[in-house]
Amino acid sequence: MKKIKVILSVFYWLIFLFLVGLAAILSLSRFNNPLKLRFFSVQSGSMAPTIPVGSLIVVRSTNDYQINDIVSVRGGRNDQEVVTHRIVDIISGERPKYQLKGDANENPDPELVPARRVIGKLIITLPYLGYLIAFAQTPQGFIILLVVPGVILLYSEINRLKEALLEFLSLRKQKRKDGKKG
């Protein structure tokens, strides 16, 4: 019986840490934060083999971008679109612009990217984790990866509170009995 409790406790903490980590990654991928980190899921093969499709990438905002840096930028047509490519040229000026190119693409991107659209420089690539994050951002993924484990944790905590309350009441009742005898 004790072994089962230990296994359940480990399982409980793994789910809890998974949920906290997933929530942190999802919020860091959506909002600006003091760490200047953003997380993105790679959806295309334009940077393969350097960055495989389905990778989770972490980018950090900085003011210093150089040729050969891999950067994530907001798309020109849509602020929700994020493109991650390598800087192949920098057009200097009052406001620098960057010529980008995907490693798997033959030609550079046709549009120069102004510095204001650069989100950050790639600092780490985590293969396959991007699939999980992309799935978690869908309604079904949100329910399966966050709501269901959250409900399991909530149920577990309610049971723990119930057990602790019953134990407390039992001890209190025992103390009253012992007090009446003495």
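Look at (1) under 30 Å from Ser9 (Cβ atoms); (2) part of a loop (DSSP other than H, G, I, E, B); (3) not hydrophobic (A, V, I, L, M, F, W, C) and you find that Pro108 fails only one, number (1).
I'd like the full set of residues that are among the acidic types (Asp, Glu) and in a strand (DSSP E or B), limited to the stretch 74-105.
Across the stretch 74-105, the qualifying residue is only Asp89.
Would you pick out the residues in the stretch 35-73 that are of a type in the set (Val, Ile, Thr) and not in a loop (DSSP other than H, G, I, E, B)? Selection gives Ile57, Val58, Val59, Ile70, Val71, Val73. In the stretch 2-24, the residues that are at positive phi and among the small types (Gly, Ala, Ser) form no Cβ pair under 8 Å with any partner that is part of a helix (DSSP H, G or I) and at pLDDT 85 or above, whether six or more places apart or across chains. Looking across the stretch 55-87, just one residue is surrounded by fewer than 14 Cβ atoms within 10 Å (Cβ to Cβ) and among the aliphatic types (A, V, I, L, M), and that is Ile67. Could you go through the stretch 117-125 and let me know if any residue there is closer than 29 Å to Ile15 by Cβ, among the polar types (S, T, N, Q) and either touching a strand residue (DSSP E or B) at 6+ places or on another chain (Cβ under 7 Å) or not in a strand (DSSP E or B) (or both). Checked against the condition, which is being closer than 29 Å to Ile15 by Cβ, among the polar types (S, T, N, Q) and either touching a strand residue (DSSP E or B) at 6+ places or on another chain (Cβ under 7 Å) or not in a strand (DSSP E or B) (or both), the stretch 117-125 yields at least one hit.
The values are calculated or read from the model by the stated rules, or taken from the named source; none is laboratory data. A quick note: this is a predicted structure, and the numbers were derived from the prediction, not measured. Methodologically, a virtual Cβ is constructed for each residue, glycine included, from the backbone with ideal geometry; neighbour enumeration extends over all protein chains shown.
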